Amino acid sequence: LMHEKNYREAEKWFSNAIEIYNQTPTSELIYTDSLYWLAVCKESQQRYFDALDGYRKVAEIAPKMAPESWFRQIQCLNNIGNFEQALEVCNFFAQSPPQGFDHSRYQDLQKQVATERDRLTECLTVII
C-alpha cells in the first residue's frame, strides 16, 4: 500500500497492528515499526504535527530507530516552518549512533543533516 501511495489504507493497517499490540503485547519490533511507518503515512499526507508525535515516540522508545526518526522530524519541522526546532534536532546527530544502528547509514544521515544544518543556520541568521 505504501508503494502504491495508498497512505490512508496503509495507515489503517499500521494502526491495527498498534492496537493489537496494545491489547496483547507480543512483538515490540512490529509495534515500533508500525509506529514509525504510521508516522510516515501521516507525513506523506502532509499531517506533519501528527507525524512528529509519532516520530518522537519512536525515538523515545526505540533507540535503534531514533536516527531515522530524527531525520524525519527535521523534514516535518521544516515543512511547518519551525526552523529553530529543526536545527535543534540536527544537533542530535553530533552524538554517536545508538548501539546496533548501521554505521554507514548513520554517516549518510549525518552528511544529509550537516547540509540541512548549514542551510538552517544560514536562513536563521538572515532572519535574525
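The values are calculated or read from the model by the stated rules, or taken from the named source; none is laboratory data. Worth saying up front: this structure is predicted, and the values here are computed from it rather than measured. Backbone-built Cβ (ideal geometry, glycine too); neighbour counts: all protein chains shown. Just the protein is used for accessible areas: all its heavy atoms, side chains included, with ligands, DNA and RNA removed. Shrake-Rupley method; radii C 1.70, N 1.55, O 1.52, S 1.80 Å.
If only one of Arg105, Arg56 is over 25 Å from Lys12 (Cα atoms), open to solvent by 30 Å² or more (accessible area, probe 1.4 Å) and either outside any helix (DSSP H, G or I) or not polar (S, T, N, Q) (or both), which one is it?
Of the residues listed, the single one that is over 25 Å from Lys12 (Cα atoms), open to solvent by 30 Å² or more (accessible area, probe 1.4 Å) and either outside any helix (DSSP H, G or I) or not polar (S, T, N, Q) (or both) is Arg105.
Name the residue, out of Phe49, Phe71, Phe93, that is more than 29 Å from Leu1 (Cβ to Cβ) and touching a residue at least 12 places away in the same chain (Cβ under 8 Å).
Exactly one of Phe49, Phe71, Phe93 is more than 29 Å from Leu1 (Cβ to Cβ) and touching a residue at least 12 places away in the same chain (Cβ under 8 Å), namely Phe93.
Name every residue in segment 105-128 that is under 18 Å from the mean Cα position of the chain (by Cα) and not aliphatic (A, V, I, L, M), in order of residue number.
Result: Arg105, Tyr106, Gln107, Asp108, Gln110, Lys111, Gln112, Thr115, Glu116, Arg117.
Quick check on this structure: which one of Glu19, Glu43 is surrounded by fewer than 19 Cβ atoms within 10 Å (Cβ to Cβ) and assigned to a helix (DSSP H, G or I)?
Within the list Glu19, Glu43, the selection yields Glu19.
Restricting attention to segment 65-85, does a residue exist that is closer than 18 Å to Ile18 by Cα and open to solvent by less than 40 Å² (accessible area, probe 1.4 Å)?
Looking for residues that are closer than 18 Å to Ile18 by Cα and open to solvent by less than 40 Å² (accessible area, probe 1.4 Å), one finds at least one in segment 65-85, hence yes.
With respect to Ala114, determine if the residue is among the small types (Gly, Ala, Ser) and exposed (fewer than 15 other Cβ atoms within 10 Å of the Cβ).
So Ala114 fits the description; yes.
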